[in-house]
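Input: a single structure, listed below in structure tokens.
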Amino acid sequence: MTMLSGDVAGEQRPARPSVPTSAAAARDQVERLLEEHFRGTPRHGPPAVVLTDALLVTSELVTNAIRHGGGVTAFTARVTGEGLVLTVRDRNPEAPAVRLHPEGQTFPVGGYGWPLVQRLATRIHIAPLREGKTIRVLLPLPPHSPPEPGP
């Protein structure tokens, strides 16, 4: 057993969630969570649109934390009775902002991600911290029930 400084022999602590170092790593965590949540349903997995939306929002939040927030300092994904809750913490206390397009510019570089998150999430909470911020979003999940047991 590997022990950290301050651990007591024989004492088991819950595993600390890993902080993804890339959007791909965060997407993998979310995909595994949703696959587990929808296991045993008639489709045996999340509906394609649900998975696509969840992975898109995950990518945007984590990529923004990496590019604009000084890196991801915490990440959690969990399913509640309300839906999928994604929480991303970074080192920048500034809230995301929508960039306005200069007159006549038809294809701006970047700036689409945050508006997409706002459209797909049913709830967004941004909490400034002493050293950074936490963004928590709620994505709706369709209700499901496990298939009826066979004879």
I want to confirm something. Restricting to segment 25-56 and keeping residues that are under 16 Å from ALA121 (Cβ atoms) and in contact (Cβ under 8 Å) with a residue 24 or more places away in the chain, which single residue is surrounded by the fewest Cβ atoms within 10 Å (Cβ to Cβ)?
LEU56
Could you check, for segment 42-50, whether at least one of its residues is part of a helix (DSSP H, G or I), closer than 19 Å to THR134 by Cβ and either modelled with pLDDT of 95 or more or of a type in the set (Ser, Thr, Tyr) (or both)?
no
Could you list, in sequence order, the residues of segment 22-41 that are charged (D, E, K, R) and either touching a Leu at 6+ places or on another chain (Cβ under 7 Å) or not in a loop (DSSP other than H, G, I, E, B) (or both)?
ARG27, ASP28, GLU31, ARG32, GLU35, GLU36
So which of THR58, THR87, THR63 is hydroxyl-bearing (Ser, Thr, Tyr) and within 17 Å of GLU35 (Cα to Cα)?
THR58
It is to be established whether one or more residues within segment 102-123 are modelled with pLDDT of 90 or more, surrounded by 19 or more Cβ atoms within 10 Å (Cβ to Cβ) and in a loop (DSSP other than H, G, I, E, B).
yes
Expected single match for at pLDDT 95 or above, farther than 21 Å from ARG119 by Cβ and under 13 Å from the mean Cα position of the chain (by Cα) among ARG27, ARG89 is ARG89
Is it the case, given these coordinates, that ARG16 is of a type in the set (D, E, K, R) and either over 30 Å from PRO142 (Cα atoms) or at pLDDT below 85 (or both)?
yes
Out of all the residues in segment 76-89, is one or more touching a Ser or Thr at 6+ places or on another chain (Cβ under 6 Å) and either small (Gly, Ala, Ser) or assigned to a helix (DSSP H, G or I) (or both)?
no
For segment 58-92, which residues satisfy the criterion of being surrounded by fewer than 18 Cβ atoms within 10 Å (Cβ to Cβ), over 17 Å from PRO140 (Cα atoms) and small (Gly, Ala, Ser)?
GLY70, GLY71, ALA74
Say we look at segment 125-141 and pick out the residues that are hydrophobic (A, V, I, L, M, F, W, C) and closer than 22 Å to VAL49 by Cβ; which of these is surrounded by the fewest Cβ atoms within 10 Å (Cβ to Cβ)?
LEU138
Log entry, pairs with first residue in segment 57-75 being touching a residue at least 12 places away in the same chain (Cβ under 8 Å) and in a helix (DSSP H, G or I), second being surrounded by 23 or more Cβ atoms within 10 Å (Cβ to Cβ) and among the charged types (D, E, K, R), beta carbons closer than 6 Å, six or more apart or on different chains, reads ALA65/ASP90
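The values are calculated or read from the model by the stated rules, or taken from the named source; none is laboratory data. Keep in mind it's a predicted model, so treat the numbers as computed, not measured. When we count neighbours, we look across all protein chains shown, and the Cβ atoms used for this are built from the backbone with ideal geometry, even at glycine.
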